[in-house]
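So the structure is just underneath, and the comments pick up after that.
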Amino acid sequence: MKIRVQVILTAVILVIMLQPVIKAESGSGPKLKFNSGTDYTKEKLKSDYNRAKRDHAARTGALLGASVDFKLGYGSTNPTVNTINYSGDVSTQSKGGFTFGTLLNISILNSITLTTGLDFINKKFDVGVPVSLDTLNPVDSVLDLANNYLNIPLNVTFGGMVSDKVGLSFTGGPYFGFLLNPSAEVSAYKDFDLGLNGVLTANYLLNPFMSILLGTEVQYGGLNNLISSGNVESAHTLNWNAFTGLRIGFDF
């Protein structure tokens, strides 16, 4: 009986002695505190994105990197036709037409990029051919030309990323164009077009391997003189178009 009383008294004394410690512990904050303002999901995605971009750049710089551009645009063609027997130029009128193409960009050791592919372009315009020599009452025969070309560019590309998401590049060089719909309306009109083209392209990264494209292109055609006949001295075309599209990148 005495032992039981002693045990009870000892327990009561311990509770009384530990009570201030228990209150202090209950009133204190947690030892570890987390920053509730940090979005750990966003930080993880950003870390994974940067790692994928570094890995892609490292693999691309090792051997070859490549991307494919799918483009769709609209532009107009302004022709210039000079005659031999008549003073001045033949009257012309520019018209609009759609363009689309698939271009391959090959990056060598991440230092130089070559671009080629297939580029379909519609070069529409009207040509007023003089049929009367009367300068007071000239008469023109107007021909409506809708020339469809399949161009193969051989370009060199300069540029790169100007921020984490936006890139800017300039592509330029010669192109070889093949007329897909030869017309008998204009005699001696050539089926082959040799010209120069320049392309300014902005791309917005959706992820390290896919971008949205927005750009503009200028083509000067007829370096080989599109019309060669007894009455026509020279014929050239100037085409301007704007386009959008999608770029898909890969490496090997």
If you go through Asn203, Asn224, the only one that is loosely packed, with under 15 Cβ neighbours inside 10 Å and farther than 19 Å from Leu118 by Cα is Asn224
Expected single match for surrounded by 15 or more Cβ atoms within 10 Å (Cβ to Cβ) and at pLDDT 75 or above among Thr113, Thr102 is Thr113
Okay, strands (runs of 3 or more DSSP E) sitting entirely in region 139-182 with 3 or more residues that are surrounded by 14 or more Cβ atoms within 10 Å (Cβ to Cβ), charged (D, E, K, R) and at pLDDT below 90, I get none
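The values are calculated or read from the model by the stated rules, or taken from the named source; none is laboratory data. Remember, it's a predicted structure, so these values are computed and weren't measured experimentally. No Cβ is skipped: glycine too gets one built from the backbone with ideal geometry, and neighbour counts run over all protein chains shown.
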